[in-house]
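Accompanying notes for the structure given below.
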Amino acid sequence: MANHYEVIVVGAGSMGMAAGYFLAKQGVKTLLIDSHDPPHAQGSHHGDTRIIRHAYGEGREYVPLALRSQELWDELEKITHHKIFTRVGSIGFGPEGESAFIDEAIASGKEYNLEIDLLTGKEVNERWPGLTVPDDYIAFHEHNSGFLYSENCIKAYRELAEHHGAEFSVNNPVVDIEVFNDSVKVVTDKGTFTADKLILSGGAWNGKIAKSLNLNLPITPTRQPVAWFEADESLYSTNSFPTFMVEVPTETSKAIYYGFPTFNGCGVKAGRHEYIDEIDPDTMNRDFGSDENDEGHIREFLERFMPQAAGKLNRGAICIYSRTPDGHFIIDKHPEHPHISIAAGFAGHGFKFASVVGEVLSQLAVSGETPHDISIFSINRPALKPQLETAGL
Ligand SMILES: Cc1cc2nc3c(=O)[nH]c(=O)nc-3n(C[C@H](O)[C@H](O)[C@H](O)COP(=O)(O)OP(=O)(O)OC[C@H]3O[C@@H](n4cnc5c(N)ncnc54)[C@H](O)[C@@H]3O)c2cc1C
């Protein structure tokens, strides 16, 4: 059967493309289907760069996966002609005793013996004169992390997957999936394909696609502005400035901001990490600046903490987060159909894990199990139960 595959990957973005590579490399007959032509600017992976941190404010369980991801990105860098990673280190800071995110990142770094320096606000300002951090803040700097070139990562995995024989059907949305005991039928605008196994990795569209798998995935997509600002190159370039992810007070409560040093004159890229603007990915307004807070919130942060990086707006973009109720990803087999694996809810911090998630998904598809500890990403965890149950599962 020409249209039959061992594995079909629905959604060839960050996670799906990596899975396709790891499958094809093992000789698995794989088809990757995508609504667009990845990498592209309609989902969650555009905007040039993504931070990779190893000490982890979202929970120390992520550290082993971050370290494995780093190994896999370093391997990718060696075998591709694309630039994958720049090691500039990462910094985190927040008011002492008031930032659970910074406290957990520091604790995770200590638990896993990561190379991190603990610093006071004053020491931060001395080391990076572009930062203006109050004296009563705590901070840490980790040496070995930095940032990934997200679109390059996807291009590299795509080229390698194709090289190993993976097939692609792009600009071709999946419109329905029929599930049988030991196979699936995937219906698209351009034809119907069958496979023994399926990986669902449709990013912000996972909730919509999962309906045809009789699954009510508790995923909330949100609209996320990000912007590049003209900055003093002597203070904020990749020569000396790290990536940052910080938790700071705002007028009403507190917020996490993140950003990147400037390189090739692009300016400092920064964003506010929050999950409030729920959208439908098919109708979301993708015009940066259509809401005054698109630029406003980020500029307020820069003016306060990085004043010489609050220059002219060079560029803005709108991207999408997809969040679960407890903020942790879903990486698991379908609760009723073990030949279907699901990768969803990667929120605003999933890209760095795409390499290891691809490895895990390929293992789940080939053998049904993985040596990596993915227990916190279980689809059966209590935090997801209320909404999953509405689908009758
Ligand atoms: C502004 C912003 C900043 C971020 N910063 C960071 C960071 O610094 N560090 C970090 O680690 N993470 C970061 N993230 C998070 C990270 O980028 C995402 O978690 C990750 O890219 C999600 O990957 P994905 O594979 O789930 O989605 P995507 O990469 O969007 O892939 C999903 C794919 O599915 C396809 N698809 C959808 N519907 C269908 C269908 N019906 N049929 C076929 N294909 C379909 C889409 O076209 C898309 O290609 C950030 C995200 C945003 C938005």
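Derivation of every value follows stated rules applied to the coordinates shown; laboratory data play no part. What you see is a predicted model; the values in this text were computed from it and never measured. Heads up, the Cβs are rebuilt from the backbone with ideal geometry, glycines too, and the neighbour counts pull from every protein chain shown.
Key figures for this structure:
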item	result
Answer from Gly109, Gly94, Gly57, Gly13 - the residue that is in contact with a helix residue (DSSP H, G or I) (Cβ under 6 Å, 6 or more places away or on another chain) and farther than 18 Å from Phe377 by Cβ	Gly94
Residue within the range 192-205 that is within 14 Å of the ligand (Cβ to nearest atom), surrounded by fewer than 17 Cβ atoms within 10 Å (Cβ to Cβ) and closer than 23 Å to Glu6 by Cα present	yes
Which listed residue is in contact with a Leu (Cβ under 6 Å, 6 or more places away or on another chain), crowded, with 21+ Cβ neighbours inside 10 Å and touching a residue at least 12 places away in the same chain (Cβ under 8 Å), from Gly57, Gly20	Gly20
Residues of the range 216-236 that turn out to be more than 17 Å from the chain's Cα centre (by Cα) and closer than 14 Å to Thr324 by Cα, as a count	3
Criterion: of a type in the set (D, E, K, R), under 21 Å from the mean Cα position of the chain (by Cα) and part of a strand (DSSP E or B) - qualifying residue of Asp326, Asp280, Asp332, Asp294	Asp332
Among (1) buried (at least 24 other Cβ atoms within 10 Å of the Cβ); (2) over 24 Å from Gly191 (Cα atoms), the one test that Gln26 misses	(1)
Single unsatisfied condition, Tyr112 versus (1) in contact with a strand residue (DSSP E or B) (Cβ under 7 Å, 6 or more places away or on another chain); (2) away from the ligand (no atom under 16 Å from the Cβ)	(1)
Entirely in the range 1-58, the strands (runs of 3 or more DSSP E) that have 1 or more residues that are under 30 Å from Thr238 (Cα atoms)	49-52
